[in-house]
Ligand SMILES: Nc1ncnc2c1ncn2[C@@H]1O[C@H](COP(=O)(O)OP(=O)(O)OP(=O)(O)O)[C@@H](O)[C@H]1O
């Protein structure tokens, strides 16, 4: 996508939801789209779904422009929306057949059965969608987005409000889809989820790209590993490392790499202090997120 911008006008006021968004996602990537509430993630997904008309900019998938090649474009992408909306009178199976029809796929039953199997919905296929539990409805939404085997799958908060067991199953399912060659865009408020799954992330803030990086690079750049320990005596004032005293009396220090940690331990030994209850904390995406969105 290149130069995408979108403003909404409400009550005579202009709200810029997206400002000059430009980035590309490589085929086969597992890409995280992150950002606080109101950052513009849903608007961007709306542009991909063509439910939001951008003021300017271009967007294409595998060389198909959203306007010039809409028929091919829509075959390239499957979107799992955040909100659950179904035709209440249809069964799970009918819902998926209807969606197949939308893509002009008449003979799609074999693939629908496979999807139902892998999403553990086979025994629900005749049930009305509205009678399913929230987690099951979410799985039907995923099946619906996959009926046409799109190379790009966009998942807008697919695990919001689902229990831990199902969340893990969905993670495995997404990883499997990615292994099979599907490119995935995932938006989530669970940063642990993004950290675990996404190879690259874009962080949107106030409608702009605030960071766009390999997840591991971002972790290295913005957040440090941390060591927490207790001491039997206070640290001397001229101690060469900056340690923060926590409310529980423990000390915490950020460090980069094992060499710096080794030097800290040696410095403690040099002043006859022995760290107790030493705990190492890994850098995490939550810290990166807070730091960037705060700035
Ligand atoms: N249809 C609309 N009319 C007016 N303003 C809108 C509309 N859709 C979005 N906005 C505004 O655009 C901005 C971006 O909203 P968007 O829903 O894209 O954010 P988001 O990152 O998806 O947030 P969340 O994490 O809460 O889902 C917000 O300020 C929002 O109020």
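See the values below:
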quantity	calculated
Strands (runs of 3 or more DSSP E) wholly inside segment 1-89 that include at least 3 residues being within 14 Å of the ligand (Cβ to nearest atom)	2-10, 13-21, 30-34
Yes/no for residue 198 being surrounded by 11 or more Cβ atoms within 10 Å (Cβ to Cβ) and in contact with a helix residue (DSSP H, G or I) (Cβ under 6 Å, 6 or more places away or on another chain)	yes
Among (1) over 20 Å from residue 210 (Cα atoms); (2) touching a helix residue (DSSP H, G or I) at 6+ places or on another chain (Cβ under 7 Å); (3) modelled with pLDDT under 95 - the single one residue 36 does not satisfy	(1)
Among the residues listed as 203, 212, 197, the single one being in the same structural domain as residue 45 (by TED's automatic domain parsing), touching a strand residue (DSSP E or B) at 6+ places or on another chain (Cβ under 8 Å), away from the ligand (no atom under 16 Å from the Cβ) and more than 23 Å from residue 84 (Cα to Cα)	197
Which numbered condition residue 209 fails, given (1) at pLDDT 95 or above; (2) not in a strand (DSSP E or B)	(2)
Within segment 279-295, considering residues that are touching a helix residue (DSSP H, G or I) at 6+ places or on another chain (Cβ under 9 Å) and not in a helix (DSSP H, G or I), the one surrounded by the most Cβ atoms within 10 Å (Cβ to Cβ)	283
Close pairs (8 angstrom Cβ cut-off, 6 or more residues apart or separate chains): at positive phi in segment 21-47, in a loop (DSSP other than H, G, I, E, B) and near the ligand (Cβ under 8 Å from one of its atoms) anywhere	40/207
Lone unmet requirement of (1) assigned to a loop (DSSP other than H, G, I, E, B); (2) more than 26 Å from residue 7 (Cα to Cα); (3) touching a strand residue (DSSP E or B) at 6+ places or on another chain (Cβ under 6 Å) for residue 107	(3)
Residue selected from segment 90-104 under the condition outside any loop (DSSP other than H, G, I, E, B) and without any contact (Cβ under 8 Å) to a residue 12 or more places away in the chain, by the criterion nearest to the ligand (Cβ to nearest atom)	102
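The values are calculated or read from the model by the stated rules, or taken from the named source; none is laboratory data. The shown structure was predicted, so the numbers you read here are calculated from the model rather than taken from an experiment. For neighbour counting, all protein chains shown are included, and Cβ atoms are generated from backbone atoms with ideal geometry for every residue, glycine included.
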